[in-house]
Amino acid sequence: MKLCIVTHNVVKGNGQGRVNYEVAWEAIRRGYDVVLLASQVAPELQQHSQVRWIHIPVKGWPTEILRNMIFSWRSGNWLRQHRSEFDVVKANGAITTAPADVNAVHFVHSSWLKFSAIGAMPKSVRNLLNPRGVLYDFYQWLYTSMNARWEKSAFEQAQVVVAVSDKVGKDLLEIGVPPERLQVIFNGVDLQEFSPGVSDRSRWNLPQNVPLALFAGDIRIPRKNLDTVLHALVKVPDLHLAVAGITEGSPYLQLAASLGLNERVHFLGLCDDVPELMKAVDFLVFPSRYDPFGLVVIEAMACGLPVITAVTTGAAELVKPEAGVVLSDPNDTEALAQALSSLTSDRTLRKQMGKAARNLAEQHSWQLMAKSYVDVFEELVKSS
């Protein structure tokens, strides 16, 4: 079998990129040739004899919309010229203008467009967390709307549409993807990189001998929902919070200060050592308002951490009651405060939940995920 994967990045340090990285290696292990239409590819894949990298450059274009459009147009042109060379083409969403046999869906823009339009965020939050004004709002709306239209067309052309969670699967059914063409393959986790252990908090200048939660994600946007976490934290005075995420352009530092949380909230900036950071904290809090999966959830579970999340996060489907708390409403400050208080006050409960979380994470390695994808490819080839 000859496989073509169309994606922006095939690297470890990127959610979608990591999925394609692992799928490529599984195809290689089974003896298949792999062509990667991508802007960036990990060096170890570039050098492999079974891999051919077709570089699709987009660097230098000023906005993400333009970069995505250029990538889509260039990759589509190349693929239409060489389509007959491949048994299976795998793409991600509306990444290319050419049809793909398998389309793996990591984000459904039409669902986020609908979700954000019906008031997923309180009005006060929208006003507080919009420092870039109306023009930026319009850009985000335009970007999301265009992707929603392009994605629907891409899904209609695919023989198999893979959702990364049951939540994404439901979103896809709502926009007309036939159930017989839909499969769910959960994202995975590196069980060696993310594993239970202990790290010295002084490495990040974090306080010793106090309950410490972790929030990790993009803190420049309201979708990840740090604002509700901060408001809930006010009601749990014994708890400290470490926040991993780019602080430039983020309104949350000012919000934390206005709530009197400067002594208990520790903004760490962008962290490249998240696995070690997770070993220094007591649990994860991640009640994202909309997240098709949320790799940080399963990564925390693999580290043996209890998790507090919300039903609006796809990976919440993996969090059983014995391993954490799943909120029915990500904006419910009182419910979140109760969950935070429960884990803050009970070390034994944290330990029990952490052990259960690790056991659940062990069922979702990257290797098992990649095998599921390549099994789908082989079934397509057999049936063609």
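Tabulated data for the structure shown
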quantity: Members of segment 214-246 that are modelled with pLDDT of 95 or more, of a type outside the set (A, V, I, L, M) and surrounded by fewer than 18 Cβ atoms within 10 Å (Cβ to Cβ); calculated: 235, 237, 238
quantity: Of all residues making up segment 279-302, the number that are under 17 Å from the mean Cα position of the chain (by Cα) and either assigned to a loop (DSSP other than H, G, I, E, B) or within 19 Å of residue 362 (Cα to Cα) (or both); calculated: 16
quantity: Residues of segment 175-195 classified as under 21 Å from the mean Cα position of the chain (by Cα) and not β-branched (Val, Ile, Thr), total; calculated: 11
quantity: Residue within segment 314-332 that is in a loop (DSSP other than H, G, I, E, B), assigned by TED's automatic domain parsing to the domain that holds residue 226, buried (at least 19 other Cβ atoms within 10 Å of the Cβ) and within 19 Å of the chain's Cα centre (by Cα) present; calculated: yes
quantity: Residue selected from segment 333-366 under the condition of a type outside the set (Gly, Ala, Ser) and within 29 Å of residue 23 (Cα to Cα), by the criterion farthest from the chain's Cα centre (by Cα); calculated: 355
quantity: Matching option when the condition is touching a residue at least 60 places away in the same chain (Cβ under 8 Å) and touching a strand residue (DSSP E or B) at 6+ places or on another chain (Cβ under 7 Å), among 277, 295; calculated: 277
quantity: Options 210, 229, 162: the member that is touching a strand residue (DSSP E or B) at 6+ places or on another chain (Cβ under 8 Å), not small (Gly, Ala, Ser) and not assigned by TED's automatic domain parsing to the domain that holds residue 308; calculated: 162
quantity: Residue satisfying all of: in segment 9-58; closer than 22 Å to residue 187 by Cβ and small (Gly, Ala, Ser); modelled with the lowest pLDDT among these; calculated: 13
quantity: Within segment 1-24, tally of residues that are more than 18 Å from the chain's Cα centre (by Cα) and surrounded by fewer than 21 Cβ atoms within 10 Å (Cβ to Cβ); calculated: 2
quantity: Exclusive hit being at pLDDT below 95, of a type outside the set (Phe, Trp, Tyr) and farther than 28 Å from residue 220 by Cβ, set 153, 116; calculated: 153
quantity: Any chance residue 218 is of a type in the set (D, E, K, R), under 24 Å from residue 313 (Cβ atoms) and either touching a residue at least 40 places away in the same chain (Cβ under 8 Å) or in the same structural domain as residue 107 (by TED's automatic domain parsing) (or both); calculated: no
quantity: Near pairs, Cβ below 8 angstrom, 6+ apart or cross-chain, from segment 359-381 (over 18 Å from residue 160 (Cβ atoms)) to any residue that is assigned to a loop (DSSP other than H, G, I, E, B) and among the acidic types (Asp, Glu); calculated: 365/190; 366/190
quantity: Hits in segment 200-259 - residues which are assigned to a helix (DSSP H, G or I), under 14 Å from residue 336 (Cα atoms) and of a type outside the set (S, T, N, Q); calculated: 226, 227, 229, 230, 231, 232, 233
quantity: Residue satisfying all of: in segment 54-91; in contact (Cβ under 8 Å) with a residue 12 or more places away in the chain and under 14 Å from residue 40 (Cβ atoms); surrounded by the fewest Cβ atoms within 10 Å (Cβ to Cβ) among these; calculated: 59
quantity: Test for residue 309: is it outside the structural domain of residue 19 (by TED's automatic domain parsing), among the polar types (S, T, N, Q), within 18 Å of residue 165 (Cα to Cα) and at pLDDT 95 or above; calculated: yes
quantity: Filter result for residue 289 (basic (Lys, Arg), over 15 Å from residue 312 (Cα atoms) and in contact (Cβ under 8 Å) with a residue 24 or more places away in the chain); calculated: no
quantity: Test result for residue 374, among the aliphatic types (A, V, I, L, M), within 20 Å of residue 184 (Cβ to Cβ) and touching a Phe, Trp or Tyr at 6+ places or on another chain (Cβ under 9 Å); calculated: yes
quantity: Per-region count, segment 185-197, residues surrounded by fewer than 16 Cβ atoms within 10 Å (Cβ to Cβ) and farther than 30 Å from residue 280 by Cα; calculated: 0
quantity: Residue check for residue 180: in the same structural domain as residue 96 (by TED's automatic domain parsing), without any contact (Cβ under 8 Å) to a residue 24 or more places away in the chain, in a helix (DSSP H, G or I) and exposed (fewer than 14 other Cβ atoms within 10 Å of the Cβ); calculated: yes
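Residues are listed down the side, and each one gets a yes or a no for (1) polar (S, T, N, Q); (2) within 18 Å of residue 225 (Cβ to Cβ); (3) assigned by TED's automatic domain parsing to the domain that holds residue 225; (4) touching a helix residue (DSSP H, G or I) at 6+ places or on another chain (Cβ under 9 Å):
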{"residue": "242", "(1), (2), (3), (4)": "no, yes, yes, yes"}
{"residue": "250", "(1), (2), (3), (4)": "yes, yes, yes, yes"}
{"residue": "262", "(1), (2), (3), (4)": "yes, no, yes, yes"}
{"residue": "273", "(1), (2), (3), (4)": "no, no, yes, yes"}
{"residue": "290", "(1), (2), (3), (4)": "no, yes, yes, yes"}
{"residue": "300", "(1), (2), (3), (4)": "no, yes, yes, yes"}
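The values are calculated or read from the model by the stated rules, or taken from the named source; none is laboratory data. Quantities reported herein were computed from a predicted structural model and do not represent experimental measurements. Reconstructed Cβ throughout: ideal geometry from the backbone, glycine too, with neighbour counts over all protein chains shown.
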